[in-house]
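Enquirer: What follows is a structure written as structure tokens; I'll ask about it next.
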Amino acid sequence: MEMMQTVVKEMAKFCETVLAPLSTGGDRVGCKYVDKHTVITPPGFKDAYTQWWTGGWSALAAPEEYGGQGMPPSLGLIVREMTATANWSWTMYPGLSLGAMNTLIMHATPELQKKYLPKLCSGEWIGTMCLTEPQCGSDLAQVKTRAVPNGDGTYKITGTKIFISCGEHDMTDNIVHCVLARLPNAPEGIKGISLFLVPKKHVNDDGVVGDHNGVNIGRIENKMGCHGSSTCEINFEDAQGWLLGKEHKGMHNMFTFINTSRVGTAVQGVAAAEASYQNALRYARERCSMRALSGTKNPSGVADPIVYHPDVRKMLLTQKAFAEGGRSMLYECVKVADHLYTARNDEAEWKKIDDRLGFLTPILKGFLTERGVEAASLGMQVFGGHGYIVENTQEQIFRDVRISALWEGTTGIQALDLLGRKVMLQKLEPLRAHTKELRQFATSIMRDSKLSKQTRLHAVQIYLKSFQWHMKTVQIAKRALSDREAVGLASYDYLMYSGYVTMGAHWLRMAAASERALQTPRPDGLPKEFYQAKIQTANFYFNNILPRATTHAKVMTAPIASVMEMPVSNFSTEY
């Protein structure tokens, strides 16, 4: 615990003194395209990254066998959330390397691992994933990039990839791309895609970086937000690549990277909620406007701070509930992931852990990003007209986080993945395990007479919602037998329901833990107000936010015809 606290304190200094001051400048200056091999990041980004990797932060949670420090992924995620809150655009550069490292650990040959993993783990090199092409986004069955065998175990990779985050930059002297492509005579669709490692520059046998490798940048995108992160069009022109895993198993293997990125995108949602909340709270305490309805709070002034107005309080509490509830959801997930690497040689145990993560990931990615967008919007609203002004930075948080509900699979894609692939195709088994766990936990709270009545009543809500969750799933499955559109119609509301109930369970856990902490001596040294605030925020969540789940439950089984019966021609704007 002492070591963990030291890590967090040191990272807090780095975030406060190095990363946060670069965020606004990174947004306003952005990245600069120079030529097909050169993109310049905003002022200060490269120096900050050098401090990052030379300070050992990239290697913190990397495996010791590849030069890492071997700390648990959960500690790495805590650090990542801190950097994401301070400067999301900068965080994307080291963040993508985590997915590349995991992909090579799981699927690369020992020779490739020896050659590339040490420098990816140290942070000397950065990794990316290259999926999207001009003609296809989430529908990767349409991938056209070609991989032609050279006859020596390598391949010539040719094709165009777009929207590649951090595809080119000046942070490191080499970039390791994980690229989806098709072999000659490969089957059509998803079953014909393979995964390849393609470095920006050739690497000699002694590890020295050599000449460029036919990886050329066509342009960088002009985006709504995340200006400090380069989003590139990459033209692979007979670039030399190496197969990762088996032929035609590219999508399966790439999901190692994709799932890492989806959890990382959930971090973006939580980070945006936290950053926007901190700004809004400071402003609400300082900004005076009108008198509080319950009586004067600031007698020496002409008006009271807006933090006393109910509507402002609701917005602040919503932000706080999403930030802290989302953080708890993330940390639970990464605690599960802590065991994934150690179990990689135990196929049965690895599958059990992976299935658990597979169920949680779309909930985290889909729900927490949408709530991050909502929290960032509320943060602007607290500022009123000043929230729309660039200098106050609230609008930057909104612009930066808006992409989170779009990339790594839109919210709709996450919803279909959860309900279709993770629940229906697995015959409801992951859901049964999850809701059973919720009921057992809720029961333990209901039976604890030392806890307050309101907390035990919150537990009743979670208990009943877990039953409703299961029953609604069965109802959707029955409807789908006669109309396959039932799954697509229900999926978004199903995902949101899953998120609200799961977050509710986390707030229940925090409320119960806080009540117990207030009943006994507190060796952690935290003030009683910390725990009181947790209980009060939990009460707010159960009374003001969890009721949203009721609407989602109703809408997920709304009449299918109300959505699908209108002819496409009737969507016209001409009449």
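The values are calculated or read from the model by the stated rules, or taken from the named source; none is laboratory data. The shown structure was predicted, so the numbers you read here are calculated from the model rather than taken from an experiment. Every residue, glycine as well, gets a Cβ built from its backbone with ideal geometry; the counts of neighbours run over all protein chains shown. Surface areas here come from the heavy atoms of the whole protein model, side chains and all, with no ligands, DNA or RNA. Shrake-Rupley method; radii C 1.70, N 1.55, O 1.52, S 1.80 Å.
Enquirer: How big is the range 437-476 by the Kirkwood estimate over distinct Cα pairs, in Å?
Expert: Hydrodynamic radius (Kirkwood, Cα only) of the range 437-476 equals 10.5 Å.
Enquirer: Right, something else. If you take the C-alpha gyration tensor of the chain, multiply each eigenvalue by 5 and take the square root, what semi-axes do you get, largest first, in whole Å?
Expert: For the chain, the ellipsoid semi-axes come out as 39, 30, 25 Å.
Enquirer: Go ahead and estimate [θ] at 222 nm for the chain from helices alone: -39,500 (n - 2.57) per DSSP H run with n ≥ 4, summed, over the residue count, rounded to 500.
Expert: Mean residue ellipticity, 222 nm, calculated: -18500 deg cm²/dmol.
Enquirer: So, in nm, how far is label GLN278 from label ASP139 when the simple model puts each one 7 Å beyond its Cα toward the Cβ?
Expert: 4.2 nm
Enquirer: Within straight cross-link reach of LYS32, meaning Cα distance under 25 Å, which lysines are found once same-chain residues fewer than 8 apart are removed?
Expert: Partners within reach: LYS46, LYS161, LYS200, LYS201, LYS223.
Enquirer: What nm value, rounded to one decimal, do you get for the distance between LEU464 and SER444 when each label is placed 7 Å out toward the C-beta?
Expert: Rounded to a tenth, the inter-label distance reads 2.4 nm.
Enquirer: If R0 is 45 Å, what FRET efficiency do you get for GLN536 and THR573 from their C-beta distance, rounded to 0.05? Each step should come with its number before you reach the end.
Expert: On the way: r = 48 Å, r/R0 = 1.06.
So, using R0 = 45 Å, E works out to roughly 0.40.
Enquirer: Can you give the FRET efficiency to the nearest 0.05 for MET290 and VAL209, using r as the Cβ-Cβ distance and R₀ = 51 Å?
Expert: 0.25
Enquirer: List, in order, the whole-Hz ³J(HN,Hα) value for each residue of the range 261-270 obtained from phi through the Karplus relation with A = 6.51, B = -1.76, C = 1.60 and θ = phi - 60°; use x for Gly and Pro.
Expert: 5, 5, 5, x, 6, 4, 4, 4, x, 5
Enquirer: What are the extents of the Cα atoms of the range 410-458 along their three principal axes, in Å, largest first?
Expert: For the range 410-458, the Cα spread along each principal axis is 43, 23, 9 Å.
Enquirer: If you don't mind, there's one more thing I want to ask. Taking the Cα atoms of the range 25-155, report the difference between the largest and smallest coordinate on each principal axis, in whole Å and largest first.
Expert: 44, 39, 27
Enquirer: Follow-up question, since we're still on this one. Would you mind checking the tilt of helix 88-107 against the longest principal axis of the Cα atoms of the chain, expressed as 0 to 90 degrees and rounded to 10?
Expert: On a 0 to 90 degree scale, this one is about 60.
Enquirer: Please list 3J(HN,Hα) in residue order for the range 488-505, calculated via the Karplus relation 6.51 cos²θ - 1.76 cosθ + 1.60 where θ = phi - 60°; whole Hz, with x for glycine and proline.
Expert: Listing the rounded values in order: x, 5, 7, 4, 4, 5, 5, 5, 5, 4, 4, x, 5, 5, 5, 5, x, 5 Hz.
Enquirer: Taking 0.36 nm per residue of separation and subtracting the Cα-Cα distance, what length does fully extending LEU526 through THR54 add?
Expert: Value of the extension gain: 166.6 nm.
Enquirer: Once every Cα of the range 262-407 carries one equal point scatterer and solvent is ignored, give the base-10 log of I(q)/I(0) from the Debye formula at q = 0.08, 0.14, 0.15, 0.16 Å⁻¹, two decimals.
Expert: Rounded to two decimals, the profile gives -0.31, -0.70, -0.76, -0.82.
Enquirer: Using a 1.4 Å probe on the protein heavy atoms, what percent of the accessible area of the chain belongs to carbon and sulfur?
Expert: 55 percent
Enquirer: Give me Rg/Rg_expected for the range 488-575, where Rg uses Cα atoms only and Rg_expected = 2.2 N^0.38 Å with N residues.
Expert: 1.74
Enquirer: Hey, another quick one. Convert 20 °C to kelvin, take the viscosity as 1.002 mPa s, use the Kirkwood radius over C-alpha pairs of the range 135-243 as Rh, and evaluate the Stokes-Einstein diffusion coefficient in µm²/s, rounded to a whole number.
Expert: Rounded, D is 146 µm²/s.
Enquirer: Further, regarding this structure: Taking θ = phi - 60°, what integer Hz values does the Karplus form 6.51 cos²θ - 1.76 cosθ + 1.60 yield along the range 27-37, in sequence order, with x for Gly and Pro?
Expert: 5, 7, 8, x, 8, 10, 7, 9, 7, 5, 10
Enquirer: Amide H of ASP238 versus every other amide H placed in the peptide plane: which residues, excluding those fewer than 5 positions away on the same chain, fall under 5 Å?
Expert: For ASP238, whose amide H was placed from the backbone, the distant partners under 5 Å are ILE157, THR158, GLY159.
Enquirer: Explain nothing, just the number: relative contact order of the range 272-352, from Cα pairs under 8 Å at least 6 residues apart, as a whole percent.
Expert: 27 percent
Enquirer: Can you tell me the orientation of helix 310-342 relative to the chain, as the angle in degrees between its alpha-carbon axis and the longest Cα principal axis, to the nearest 10?
Expert: The helix 310-342 is inclined about 50 degrees to the chain.
Enquirer: For the range 143-184, which trypsin sites (Lys or Arg not before Pro) pass both filters: DSSP loop (anything but H, G, I, E, B) and at most 15 other C-beta atoms within 10 Å?
Expert: Hits after loop and neighbour filter: LYS144.
Enquirer: According to the Kirkwood expression over distinct Cα-Cα pairs, how big is the hydrodynamic radius of the range 77-211, in Å?
Expert: Result for the range 77-211 stands at 15.9 Å.
Enquirer: Let me ask you something else. Straight distance only, please: which aspartates and glutamates reach the Cα of LYS144 with their own Cα at less than 18 Å, same-chain residues fewer than 8 apart left out?
Expert: List returned: GLU133, GLU188, GLU233, GLU237, ASP238, GLU247.
Enquirer: Further question: List the lysines whose alpha-carbon lies under 18 Å from that of LYS478, not counting same-chain residues fewer than 8 positions away?
Expert: Partners within reach: LYS422, LYS427, LYS554.
Enquirer: If you look at just the Cα atoms of the range 228-271, how large are its Rg and its Dmax in Å?
Expert: Reported Rg and Dmax, both Å: 14.5, 40.
Enquirer: Let me ask something additional. Pairs of Cα atoms under 8 Å, at least six residues apart: use those to get the relative contact order of the range 472-540, whole percent.
Expert: On the way: 26 pairs, mean separation 18.0, N = 69.
RCO, the range 472-540: 26 percent.
Enquirer: Give the span of the range 431-499's Cα atoms along each principal axis, as three whole-Å numbers ordered largest to smallest.
Expert: 49, 18, 13
Enquirer: Moving to a separate point now. What angle, in degrees between 0 and 90 and rounded to the nearest 10, separates the Cα long axis of helix 429-446 from the longest principal axis of the Cα atoms of the chain?
Expert: Approximately 30 degrees, to the nearest ten.
Enquirer: Restricting to Cα pairs below 8 Å that are 6+ residues apart, what does the relative contact order work out to for the chain? Please round to a whole percent.
Expert: Answer for the chain is 11 percent.
Enquirer: Ratio of the range 241-329's C-alpha Rg to 2.2 N^0.38 Å, to two decimals? Could the numbers behind the result be given before it?
Expert: Working: Rg = 22.5 Å, N = 89, 2.2 N^0.38 = 12.1 Å.
The range 241-329 yields a ratio of 1.86.
Enquirer: As an exercise, use a Förster radius of 22 Å and the Cβ-Cβ distance of ARG484 and ARG548 to find the FRET efficiency, rounded to the nearest 0.05.
Expert: It comes to 0.20.
Enquirer: I want to check the label-to-label distance for GLU437 and LYS114. Put each point 7 Å from Cα in the C-beta direction and report it in nm to one decimal.
Expert: 3.9 nm
Enquirer: With every protein chain left in place, what is the accessible area per residue of the chain in square angstrom, probe 1.4 Å?
Expert: 45 Å²
Enquirer: From the alpha carbon gyration tensor of the range 345-386, can you work out the equivalent ellipsoid semi-axes (sqrt of 5 times each eigenvalue) and give them in Å, largest to smallest?
Expert: 39, 7, 4
Enquirer: Moving to a separate point now. Quick check: residue separation of LYS335 and GLU565 times 0.36 nm, minus the Cα distance between them. What number comes out in nm?
Expert: 78.3 nm
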